[in-house]
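Asks: Sharing a structure below in structure tokens format, with a few things to ask.
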């Protein structure tokens, strides 16, 4: 909402500088988003009086104009405007003044010029040259009382507040509403505009009729009738105000409806009365299939829940949104029926959204306007039509008000005021603030106020609303500031959250960079990383109104995001790139919110660094990702094991399921080159995924301490030859099951001579120990013999000598 | 007899000569083994004592033991000298270029939004708030209706919504939550006052992106309900938060603002980093930067939770983590956060 301060000052004295006023309004909840200073660009342009107009000696259409700027300062300029005349007050740009060049649009300093042999010491300016309008036929003539020598800005300039309003305050979608705020904030009085006029015509009831058929959607309809109007341009002052407020002048009748809407906040509509069949208005729901040609030239098919304004036969306007083309006021209109109504706010909003048409009327109606406003606004507009259109107002108004507007009264106790604000305010101060805002306010000792809400404040309904009124005018910064006291609620454990944060720290510590990617994606991208069958059985949730095809589905995996980010960062990263993300996957459930599964996904790719950090030829792969995962699971104290498995996105033979307590909680492997290639990745990529929700029950609690061994360990190596398909993990499991084995780890895997084909040698470093005594070499040899025997029986292993 | 004594003095001569020639710790060790080791020359003499007559054994033994002591002392002395020479050599000849890097250690970093979020949550935890979480895909009921934003309410324009393709009773009912405020309702559904909770999470808006707008964002919702909580407590809590995150010298200011689920409503502003309150382009010439929206929980919402709205009051607030991260790090384009360019992320 644009509020021109010149217009605003008609209703309230502005006692503060614009910047200070804007600050105070903003603090009070009326946010001034921008202060626009029109005329600010008129640098060095002043008011001058034309003293003398003489013919140009060398040109018929040019004249020599002498202007006076006060204190004896005179300049003679060459001027081509036909309307220049003595004693006019004009806008004068002397040498050095900065003007907008009509061709380049840039500001240039005016230089002295010689025109047809005569020197010209400046310019008398047209509206176009001042950037006010496109008018350039003649010069701009200023009001006779413009002060000679003064800056043009002081005569024509204006400051406009562009307000960013909140949807609860439709009353501020009006100059008068803002004037009320200004008055309350600065201790001034509001001057209400006049609504007095002469009713020279016949009784309105004998000429026109209004019927409300659907009162649930139209609580009140006021109509005025003005005959003998002459449709023409509205006066300059009204046009200027409309333009300053951001509206385009049309003709005097339409301009008055817009003017009163901007002034009071009540949208109005003017019908050409002669075009209304049956001389009546019917406010009703649209009929099935009913069509209406709107003022914007579109034809709309109406739905049965939409409210229309109809004449005796057909819809002539879309109630509260837009008028129809057929009943529009034109140059031939002589009788105007003026509509000033109140409509059901949600209904207006539904209609406006269904047609995607937002108008100055609909944005006001949808916020819920006062039911008392239609009468006052109708009177104000009728007065202006009588004065500015030469019209004759019919006697009386039609006022169909099936719902009687009534005052809202609210009781506010001192106790509640204290409870909400944390401070006692003197009753006199509360009364003074509320009265300044137009509230009726009575103090009922010992402890309460009875407040009557002013009719325009449709947003105030309960005591706490009144408290906000007091607080915002006093100023939130003036109220006390304290710290919370009282009991701190007991801490509820958040294990899922804790787990996620540990995962983040562990992965970052292992060298992975965290990323955060969008939760929405598209089907093609999901199809790159998920098996078609999985996409079909777990189809992702679709967004009904996506911003673009790229973000249409809630993701059911994170794989694509990690691979996509890896691909995007491929350039300029010669070494290892390691990324992870923790986020939700969304798995649909029938008729319910989707299951949101906390997931971590990580990728590692690139060539490993040497001592200097330079990339070597050795690529990071499966075991690098596994190292990260092992570290993570160890941080979490989850006893996991790995089992070879297969998955659409992974390379067969290089894929492992992460299994805890018999349940798969994640995947680890090398990404299938086909999948990587679909993201434009040529290098090998290792990836891991964990379902943190599935992992959660297995996360270890506090560590239970094991006594530090009292007797020393003895280290011995053991190499066995097993078939290629026997996993080292199985061998370790067997070794670890022996009582004297404290630790076991692999230190070499060997294939080739003399190991037969199809078999491999795996070497283990085993640490033996006993809680009872120091082991002898013989003790260890015996245990080792038993291990070899078991490995032979169970896994077909033979000792490698 | 004499031969044994001769032997001792021969050993002494040879040992001292060779010791002087031992130029490093390895040759010193070899020397020690050759003379003083279990099979060393002097040890051999000592071992031979057993077969000697008592007189001779005493004489030769005394000489051999004296030599042993002397050689051991000389060995220690030599060792100390060699060790010192070694240190001197390191100092003089094996100086390191201290500007060279160490071998690379993997170094991952947390996303700047995660870092800022953790700092924000820590600030509130220190003030007694617990952390809870809620779903990102929500019902219209929690996101709007229960927050006093019914269908066809103009306040819905404050949150441009991404709706899920799910209709019930002819209406879209499922959405990507537009703010973390649904958790006010969710928390109240399963707890009783006193409540002090902060709820972080991702939110989504139907929004075109530009340097100050992103369609996915991270918010933190706060809620405190108890008997005796006032707007003064809200102001104090938020001012304390702002100082913890932005520094003790930070000035804060409050202005009236509107959210349907609070009354009175407010906005917290801090003095502009760039101009320190003078007014500049960053702060839109106001001298202040908006940080978050807040207010006293609307009594209707308190009553709907089944609490006594006469007795219990409370406050709620919602803040955007991206905005705080932008301000803290001087980032001038919000789109950097989710573009995941490693050249950006690795700076944090």
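Asks: Report yes if residue A:752 is assigned to a helix (DSSP H, G or I) and surrounded by fewer than 18 Cβ atoms within 10 Å (Cβ to Cβ), otherwise no.
Replies: Working: assigned to a helix (DSSP H, G or I): no; surrounded by fewer than 18 Cβ atoms within 10 Å (Cβ to Cβ): yes.
Considered against the rule, which asks whether it is assigned to a helix (DSSP H, G or I) and surrounded by fewer than 18 Cβ atoms within 10 Å (Cβ to Cβ), residue A:752 comes out as no.
Asks: Checking residue A:549 against (1) under 25 Å from the mean Cα position of the chain (by Cα); (2) within 11 Å of another protein chain (Cβ to nearest Cβ); (3) loosely packed, with under 13 Cβ neighbours inside 10 Å, which test does it fail?
Replies: It is condition (2) that residue A:549 fails.
Asks: Identify the residue in segment A:116-137 that is over 40 Å from the mean Cα position of the chain (by Cα) and loosely packed, with under 15 Cβ neighbours inside 10 Å and, among all such residues, is modelled with the lowest pLDDT. So that I can check it myself, show each step before the final result.
Replies: Step one: filter segment A:116-137 for residues over 40 Å from the mean Cα position of the chain (by Cα), giving A:116-126, A:136-137.
The next check asks that each one be loosely packed, with under 15 Cβ neighbours inside 10 Å; those that pass are A:116-117, A:119, A:136-137.
Working: A:116: 88, A:117: 87, A:119: 88, A:136: 73, A:137: 77.
Restricting to residues being over 40 Å from the mean Cα position of the chain (by Cα) and loosely packed, with under 15 Cβ neighbours inside 10 Å, the top hit is A:136.
Asks: Okay, moving on. Would you point out which residue out of A:684, A:680 is assigned by TED's automatic domain parsing to the domain that holds residue A:504 and on the phi > 0 side of the Ramachandran plot?
Replies: Values: A:684 fails: on the phi > 0 side of the Ramachandran plot.
Answer to the selection: A:680.
Asks: Now for a different question. Return the total of residues in segment A:430-448 being away from every other protein chain (no Cβ under 14 Å) and part of a loop (DSSP other than H, G, I, E, B).
Replies: 5
Asks: So, in segment B:238-286, of the ones that are in contact (Cβ under 8 Å) with a residue 60 or more places away in the chain and over 30 Å from residue A:459 (Cα atoms), which residue ends up nearest to the other protein chains (Cβ to nearest Cβ)?
Replies: Taking the candidates together, the pick is B:240.
Asks: If I ask for residues that are more than 19 Å from residue A:204 (Cβ to Cβ) and in contact with a strand residue (DSSP E or B) (Cβ under 9 Å, 6 or more places away or on another chain), which ones from segment A:326-341 would you list?
Replies: A:326, A:328, A:330, A:332 - these are the residues of segment A:326-341 that are more than 19 Å from residue A:204 (Cβ to Cβ) and in contact with a strand residue (DSSP E or B) (Cβ under 9 Å, 6 or more places away or on another chain).
Asks: In segment B:38-145, which helices (runs of 4 or more DSSP H) lie fully inside it and hold 3 or more residues that are in contact with a helix residue (DSSP H, G or I) (Cβ under 6 Å, 6 or more places away or on another chain), in the same structural domain as residue B:245 (by TED's automatic domain parsing) and touching a residue at least 24 places away in the same chain (Cβ under 8 Å)?
Replies: Numbers: elements: B:41-48, B:54-93, B:112-126, B:140-143.
In segment B:38-145, B:112-126 are the helices (runs of 4 or more DSSP H) which contain 3 or more residues that are in contact with a helix residue (DSSP H, G or I) (Cβ under 6 Å, 6 or more places away or on another chain), in the same structural domain as residue B:245 (by TED's automatic domain parsing) and touching a residue at least 24 places away in the same chain (Cβ under 8 Å).
Asks: Something else now. Give the residues of segment A:472-504 that are within 18 Å of residue A:701 (Cα to Cα) and more than 7 Å from chain B (Cβ to nearest Cβ), sorted by residue number.
Replies: A:493, A:495, A:496, A:498, A:499, A:500, A:501, A:502, A:503
Asks: Sticking with this structure for a sec: Any idea which of A:400, A:386, A:363 is in contact (Cβ under 8 Å) with a residue 24 or more places away in the chain and within 14 Å of chain B (Cβ to nearest Cβ)?
Replies: When all the criteria are applied, what remains is A:363.
Asks: Of the residues in segment A:304-319, how many are at pLDDT 95 or above and more than 19 Å from residue A:208 (Cβ to Cβ)?
Replies: Of the residues in that region, 3 qualify.
Asks: Related question: Could you look through segment A:585-623, keep only residues that are out of contact with any strand residue (DSSP E or B) (no Cβ under 7 Å at 6 or more places or on another chain) and closer than 23 Å to residue A:513 by Cβ, and pick out the one that is farthest from the other protein chains (Cβ to nearest Cβ)? I'd like the intermediate steps shown before the answer.
Replies: First, pick out the residues of segment A:585-623 that are out of contact with any strand residue (DSSP E or B) (no Cβ under 7 Å at 6 or more places or on another chain): A:590-592, A:611-614, A:623.
Filter once more, keeping what is closer than 23 Å to residue A:513 by Cβ: A:611-614, A:623.
Values: A:611: 5, A:612: 7, A:613: 4, A:614: 9, A:623: 14 Å.
Here the answer is A:623.
Asks: Also: In segment A:339-358, what residues are away from every other protein chain (no Cβ under 14 Å) and out of contact with any helix residue (DSSP H, G or I) (no Cβ under 7 Å at 6 or more places or on another chain)?
Replies: Across segment A:339-358, the qualifying residues are A:339, A:355, A:357.
One line per residue, one yes/no per condition, for (1) part of a strand (DSSP E or B); (2) buried (at least 18 other Cβ atoms within 10 Å of the Cβ); (3) modelled with pLDDT under 95:
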| residue | (1), (2), (3) |
| --- | --- |
| B:301 | no, yes, no |
| B:307 | no, yes, no |
| B:313 | yes, yes, no |
| B:318 | yes, yes, no |
| B:323 | no, yes, yes |
| B:327 | no, yes, yes |
| B:332 | no, no, yes |
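Asks: Among the residues in segment B:229-237, are any modelled with pLDDT of 95 or more and not in a helix (DSSP H, G or I)?
Replies: Yes - at least one qualifying residue is present in segment B:229-237.
Asks: Name the residues in segment A:7-40 that are touching a strand residue (DSSP E or B) at 6+ places or on another chain (Cβ under 7 Å) and more than 14 Å from chain B (Cβ to nearest Cβ), would you?
Replies: Across segment A:7-40, the qualifying residues are A:38, A:39.
Asks: Right, another one. Check A:615, A:620, A:583 and return the single one that is surrounded by 15 or more Cβ atoms within 10 Å (Cβ to Cβ) and modelled with pLDDT of 95 or more.
Replies: So the residue among A:615, A:620, A:583 that is surrounded by 15 or more Cβ atoms within 10 Å (Cβ to Cβ) and modelled with pLDDT of 95 or more is A:583.
Asks: Just for strands (runs of 3 or more DSSP E) wholly inside segment A:580-663: which have at least 1 residues that are under 38 Å from the mean Cα position of the chain (by Cα)? Give the derivation first.
Replies: Details: elements: A:592-605, A:607-609, A:615-619, A:640-644, A:650-660.
Counting at least 1 such residues, we get A:592-605.
Asks: Just give me the residues in segment A:449-462 being within 14 Å of chain B (Cβ to nearest Cβ) and over 28 Å from the mean Cα position of the chain (by Cα), in sequence order. Show your work before the answer.
Replies: Kept after step one, since they are within 14 Å of chain B (Cβ to nearest Cβ), are these residues of segment A:449-462: A:457-462.
Answer for segment A:449-462, where residues must be within 14 Å of chain B (Cβ to nearest Cβ) and over 28 Å from the mean Cα position of the chain (by Cα): just A:462.
Asks: Counting just the residues of segment A:708-736 that are assigned to a loop (DSSP other than H, G, I, E, B) and touching a residue at least 12 places away in the same chain (Cβ under 8 Å), which one comes out nearest to residue A:494 (Cα to Cα)?
Replies: As a first pass, look at segment A:708-736 and keep what is assigned to a loop (DSSP other than H, G, I, E, B): A:708-713, A:724-727.
Pick out the ones that are also touching a residue at least 12 places away in the same chain (Cβ under 8 Å) and you get A:709-713, A:724, A:726-727.
Working: A:709: 36, A:710: 39, A:711: 42, A:712: 42, A:713: 41, A:724: 45, A:726: 42, A:727: 38 Å.
Per the criteria, the residue is A:709.
The values are calculated or read from the model by the stated rules, or taken from the named source; none is laboratory data. These figures come from a predicted structure and were not determined experimentally. Heads up, the Cβs are rebuilt from the backbone with ideal geometry, glycines too, and the neighbour counts pull from every protein chain shown.
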